[in-house]
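Down below is the structure, laid out as structure tokens.
The values are calculated or read from the model by the stated rules, or taken from the named source; none is laboratory data. Quick caveat, the model's predicted, so the values are computed rather than measured. Backbone-built Cβ (ideal geometry, glycine too); neighbour counts: all protein chains shown. For accessibility, only protein heavy atoms count, side chains too; no ligands or nucleic acids. Shrake-Rupley method; radii C 1.70, N 1.55, O 1.52, S 1.80 Å.
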Amino acid sequence: MKRILFGLIALGISGSVFATTPQEILEKVDRNRAPANTFTCRLKVSSQKEDGVSKVELLIRVKDAKKSLVLYQAPSSTKGRVLLMVEDNLWVYIPGTSNPIRISPQQQLMGQVSNADVARVVYNIDYQPDSVESETLGNEKVFVLKLSAKTKGAAYKAITLWVKPDTYLPIKAEFYALSGRHLKTAYYKNYKTTLGSVRPTVLEIHDAVQTNSITTLEYTDFTIDTTPEAFYQKTYMERFSSQN
Amino acid sequence: MNLFKTLLLASVSIAPLQISATTGSLTLFEQGTYRQLKSDPLLNPNQEILTFPKATNTIYGIVDFRSDLSPEWRYQIRYRPILESTRSESSFSGVLDEAFIEWKSDQNFFYAGKKNNKDGVGLSANPTDFFGENKRVDKTKREEDRRIQREGDLLLGADFFQDNWSYSLIFSPKSETVLDNRYLVKANILLESLRTDLSALYFSGPLSGIGINLSTTVTDSSVFYTETAYRYGSSQKKRVLLVSNGEPREYRIESDPSQVSYTDIVLGSHYTFPDASTLIIEYYYHGGGYSPTEWATLSDFILYSNKHYKAGVATDLMRGYIQQANSVMNFGSMSQQYGFLRFSKPDLIEKMDFSLVGLKNLSDQSFLLNPYLTYHLNDNSEIYLSAYWFSGSETSEFGLPNWNPEITVGTKWNMY
């Protein structure tokens, strides 16, 4: 009720803002999350549990927003492992042991972080915005986007996304399973100017059940990528693996 | 062969010598294995014919090295030093699994040297892995373990990449172990909207083959795959031939001289549970395996040899028969039908993963079970405990191994 009230107030006092459709808002958020449709970046994933912290370092190449090659660079136990995501298709390659193996979108490779969390840096490929509301988060007025899965490859059934209305920078997101269960909450942090725009460079993910479990994703070294599209295939994964 | 080596050396010599980047990795394993030897197995009566150590200790490493000589040229080496010890002796060996040079031109790659070419989507078997079929592998071992310990072939090959599909041409010259030249042509295509990838292979060799691999994502949690090979040519199977039914009987074990054709199929699926556990189930039809009639002949041969050896009848001949029977055994590949199951549970308890592999011979109902526990000491090292337990009647496939069970404790360090 409170959200609806805020939504009505927002409509009344800021009709021009909601002239922007939920889809347009989502696309603007995505443009702030990813510097381009085709780019390369490095990602450090730190998973904090009761027994300590484990760290993984990744090199990510994204093509046309929907194709991703992810190379594990550290620790040495996973070094050379490659994840390939093309639309809803996912494969993993483990050096020396096997051919690339097709895996399901639900098969997680790293603690609380799904494959899609790593390989996808935009929402609008897998999710559609169902509604937008206005809300106050702390002392800040924000948009709240309700997203629902539109592809079979989507890792979550639904996402609630909090967005700064002036800059379209994401603040926070809640992720829900098919059953409707709240799985985790992500906080976007450390906004920096990267490739010409201010973007969040840290994503802090809190598990909704195991509250001590926190995973931090730290993005660095964004560059525009020139990897040929033909290399986003499972038959190229072995060669990408040896580029470690 | 000489021409091939000349080409390889020439390709190395014309490569630019300025090294622009090198990378590598080193993984060390130390494992102790204990086998509960059977006191009087059919294939080793009274433990008198073959000697198996009860306990072995193996230290081995996997060394990977890659160097980019230029943006177009690179070479890659994989070496496996192995130190194996029993109570009475130690032996050291080194296996050069890979050593090849590769040249990249636009989106295409050309390579020459020793390289592992692996094909297939199955876990229990890979009937389309044509270059791998003559390699001696222990199929009672986990697929990860047996695949990582695999020596490559001398290859001259090219991979061509197009948008959403690729194709390869590979030539392997005859050698001391493979008596004919072999050729492989394969193409791989992704059908994005169907969430399916497909590969087709044509193999020319002593036993030629046509293969199809398909894998598809069915739901968010499940994947289905199939691997099929149609084989034709010279049979690779060793057969037992009763030459004379006198006393003692005269047997001969030989390669089947006839031309054969058959089909091998793997059908499999894996499912991911909400807690991240995975279940993999496969059915493997092995047309090249022993039929129930052929297995009955082999069993009869083993029983006859065992009985007469222990009775002291023509002991040297019977000893030879039993040694030959042992050399034929390739557990996990003998039958025509298998069922395979693997359940993996990450984080069974904190830092500990669990998996259970089962392989069942659907013809004689014998099976093996392999529980496997891994405890992660830190990001780069782990300890593991594994057991192989065989079950079946005396003359069934998994009733025949000379020991039961086998237990392994090991550590793995990813040094670099």
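So here's what we get for this one:
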quantity	calculated
Rounded percent of accessible protein surface that carbon and sulfur make up, chain A, 1.4 Å probe	51 percent
Among B:Ala276, B:Ala314, B:Ile170 the positive-end extreme of the charge dipole of chain B (Cβ point charges)	B:Ala314
Per-residue average of Cβ from other chains inside 10 Å of B:190-197	5
Solvent exposure of the protein assembly as shown as accessible area per residue, Å², 1.4 Å probe	44 Å²
Number of partner chain Cβ atoms within 10 Å, mean per residue of A:75-88	4
Test item: B:374-382 mean partner chain Cβ contacts at 10 Å	3
Eligible lysines near B:Lys310 by straight Cα distance, threshold 25 Å, same-chain separation 8 or greater	B:Lys38, B:Lys54
Kyte-Doolittle at least 0.0, axis length at least 24 Å by Cα - qualifying DSSP helices, chain B	none
B:Asn57-A:Ser197 FRET efficiency (beta carbon distance; Förster radius 51 Å; 0.05 resolution)	0.30
Per-residue ³J(HN,Hα) for the range B:184-199, Karplus 6.51 cos²θ - 1.76 cosθ + 1.60, θ = phi - 60°, Hz, x for Gly and Pro	9, 10, 9, 9, 10, 9, 10, 9, 3, 5, 8, 6, 9, 10, 9, 10
The protein assembly as shown, helix-only ellipticity at 222 nm - DSSP H runs n ≥ 4, -39,500 (n - 2.57), divided by all residues, nearest 500	-4000 deg cm²/dmol
Within the accessible area of chain B (1.4 Å probe), percent carbon and sulfur	58 percent
When each of A:Lys44/A:Lys164; A:Lys67/B:Lys345; A:Lys44/B:Lys115; A:Lys150/B:Lys412 is checked by Cα-Cα distance, pairs over 31 Å	A:Lys44/B:Lys115; A:Lys150/B:Lys412
Burial order of peptide ranges B:215-221, B:49-55 (average beta-carbon count within 10 Å, highest first)	B:215-221, B:49-55
Buried area at the A-B interface (accessible, heavy atoms, 1.4 Å probe, summed, Å²)	3800 Å²
Accessible area, probe 1.4 Å, largest first, for residues B:Ser381, B:Ser261	B:Ser261, B:Ser381
Size of the range B:272-368 as Cα extents on the principal axes (Å, biggest first)	61, 31, 18
Residues losing 30 Å² or more accessible surface upon assembly, the range B:390-415, compared with the chain by itself, 1.4 Å	B:Asn414
Charge dipole magnitude, Cβ of K and R +1, D and E -1 - the protein assembly as shown, Cα centre, debye nearest 20	560 debye
Residues in the range A:151-191 that, when all protein chains are in place, have 30 Å² or more less accessible area than the chain alone would give (probe 1.4 Å)	A:Lys152
With Cα atoms, 0 to 90° folded angle of helix A:2-13 axis to chain A main axis	70 degrees
